[in-house]
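**Q** My structure is below; once you've seen it, I'll send some questions.
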Amino acid sequence: MAQKVLVVDDEAMVCEVVSRYLALEGYEVKTAGDGAEALRLARSWQPDLLVLDLMLPVVDGLAVCRTLRGETRIPIIILTARGEEVDRIVGLEMGADDYVVKPFSPRELVARVRAVFRRVGDTPNAAPGEVLRFNGLTINAANRAVDLAGRAVELTAKEFDLLHYLAAHPSQVFSREQLMDSVWDYSYAGDASTVTVHIRRLREKVEADPTRPRFIKTVWGVGYKFEEPA
């Protein structure tokens, strides 16, 4: 069965071009021109991935992202205007997995979509049935589930990828650029703040005190590492 992608943009030409390129890759595609229609289709059609422009009529893209993230963990790639870093960061904070800056190449966007699906279906460095356990934190690669002290932790696709990658290499320090290359799975053209935002969101979900993390440590001037608490 073809994977389903919902493309949301108020520019009909963008929707048409992106849909054509995605369809050529074998994806089933539907489009929406405003935020209200995006929410309706996301709930009724249940896509496997959402490409979401932030500048939308009726309901803006940030509101759509925030609402859907409270209902589903499907990957969300946001589209932002060049130079709109604040919107990009806010979108990532609300749970978007990745972003593409307008104007963009349709081939670039297809590569991002392909990379996200590849990550969701093939967790990096995971052996079949692999389960990582660290002092109350359990990371199950087979079903992409995380448990903290008996409580299920809801992570987005990219949050899980990042946590699993760090935990699979305990005590190893990675720069933000290395994490982009390894976790985002392509030659990443974005800025390093993407990793910073995802690290912050992860800490809010798996650390008892995100300001004093036990698992995900900052190595100042270098990057991040995962450590099991003593």
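**Q** Which one of these does residue 36 not meet: (1) within 20 Å of residue 95 (Cβ to Cβ); (2) under 21 Å from the mean Cα position of the chain (by Cα)?
**A** (2)
**Q** Here's another thing I want to ask about it. When only residues in the range 28-58 that are of a type in the set (S, T, N, Q) and not in a loop (DSSP other than H, G, I, E, B) count, which is surrounded by the most Cβ atoms within 10 Å (Cβ to Cβ)? Before you say what the answer is, go through the steps one by one.
**A** Restricting attention to the range 28-58, the residues satisfying the condition of being of a type in the set (S, T, N, Q) are 31, 44, 46.
The next check asks that each one be not in a loop (DSSP other than H, G, I, E, B); those that pass are 31, 44.
Working: 31: 19, 44: 7.
If we take residues in the range 28-58 being of a type in the set (S, T, N, Q) and not in a loop (DSSP other than H, G, I, E, B), then 31 is surrounded by the most Cβ atoms within 10 Å (Cβ to Cβ).
**Q** Considering only the range 145-167, state which residues are free of Cβ contacts under 8 Å to residues at least 40 places away in the same chain and either surrounded by 21 or more Cβ atoms within 10 Å (Cβ to Cβ) or touching a helix residue (DSSP H, G or I) at 6+ places or on another chain (Cβ under 8 Å) (or both). Please lay out each step first, then the result.
**A** Going through the range 145-167, the residues free of Cβ contacts under 8 Å to residues at least 40 places away in the same chain turn out to be 145, 147, 149-152, 160.
Listed by number, the list holds a single entry, 160.
**Q** Please determine, by comparing only the residues of the range 59-87 that are touching an Asp or Glu at 6+ places or on another chain (Cβ under 9 Å) and surrounded by fewer than 23 Cβ atoms within 10 Å (Cβ to Cβ), which one is farthest from residue 102 (Cα to Cα). Break it down into steps so the answer makes sense when it comes.
**A** Step one: list which residues in the range 59-87 are touching an Asp or Glu at 6+ places or on another chain (Cβ under 9 Å), which gives 59, 61-62, 73-81, 85.
Those still in the list that are surrounded by fewer than 23 Cβ atoms within 10 Å (Cβ to Cβ) too: 59, 62, 73-74, 77, 81, 85.
Details: 59: 20, 62: 16, 73: 25, 74: 22, 77: 13, 81: 5, 85: 12 Å.
The residue in question is 73.
**Q** Anything in the range 68-105 that is over 22 Å from residue 117 (Cα atoms) and not in a strand (DSSP E or B)? List them, or say none.
**A** 82, 83, 84, 85, 86, 87, 89, 90, 103
**Q** Out of 68, 50, which single residue is free of Cβ contacts under 8 Å to residues at least 60 places away in the same chain and touching a Cys at 6+ places or on another chain (Cβ under 9 Å)? Show your work before the answer.
**A** On the way: 68 fails: touching a Cys at 6+ places or on another chain (Cβ under 9 Å).
The match here is 50.
**Q** Residue 18: in contact (Cβ under 8 Å) with a residue 40 or more places away in the chain, crowded, with 22+ Cβ neighbours inside 10 Å, in a strand (DSSP E or B) and not assigned by TED's automatic domain parsing to the domain that holds residue 192, yes or no? Can you show your working first?
**A** Values: in contact (Cβ under 8 Å) with a residue 40 or more places away in the chain: yes; crowded, with 22+ Cβ neighbours inside 10 Å: yes; in a strand (DSSP E or B): no; not assigned by TED's automatic domain parsing to the domain that holds residue 192: yes.
Against the criterion (in contact (Cβ under 8 Å) with a residue 40 or more places away in the chain, crowded, with 22+ Cβ neighbours inside 10 Å, in a strand (DSSP E or B) and not assigned by TED's automatic domain parsing to the domain that holds residue 192), residue 18 does not qualify.
The values are calculated or read from the model by the stated rules, or taken from the named source; none is laboratory data. Note that the coordinates shown come from a computational prediction; the quantities given were computed from them, not determined experimentally. Note: ideal-geometry Cβ built from the backbone for every residue, glycine included; neighbour counts use all protein chains shown.
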